[in-house]
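Peer 1: Quick one: the structure is below, and I'll ask about it shortly.
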Amino acid sequence: MSSMTFSQKKFTPTPPDKGSFPLDHEGLCKKSMLRYMNCLHEKTDSNAECRSFARDYLECRMQNNLMAREEWTKLGFDEESKEAQKEN
């Protein structure tokens, strides 16, 4: 007996739009990820208040080839936030 019925359609997986997103098995960016997650927890999931930590995490991922290098504007960050972060 077959477990497939006539009305089922075959599932065809599709790759992500931006390519693969490797996991950080070696924990290279674990500290920055934890800072970001702790900030979200403390600020009751308010991403706006944790943007600097998100930026640090993404920068770490790009530096360690865990994601492709992207322009900050494409990731939702503007140049003003980059300058403000450097001053702090």
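Peer 1: Considering each residue of the stretch 3-36, count those that are at pLDDT 70 or above, assigned to a loop (DSSP other than H, G, I, E, B) and surrounded by 10 or more Cβ atoms within 10 Å (Cβ to Cβ), and give that number.
Peer 2: The number of residues fulfilling the criteria is 5.
Peer 1: Report yes if some residue within the stretch 63-80 is open to solvent by 100 Å² or more (accessible area, probe 1.4 Å) and at pLDDT 95 or above; otherwise report no.
Peer 2: yes
The values are calculated or read from the model by the stated rules, or taken from the named source; none is laboratory data. None of the values given here were measured: they were computed from a predicted structure. Glycine gets a Cβ as well: all are built from the backbone with ideal geometry, and neighbour counts include every protein chain shown. Ligands, DNA and RNA are excluded from the accessible area calculation, which covers all protein heavy atoms including side chains. Shrake-Rupley method; radii C 1.70, N 1.55, O 1.52, S 1.80 Å.
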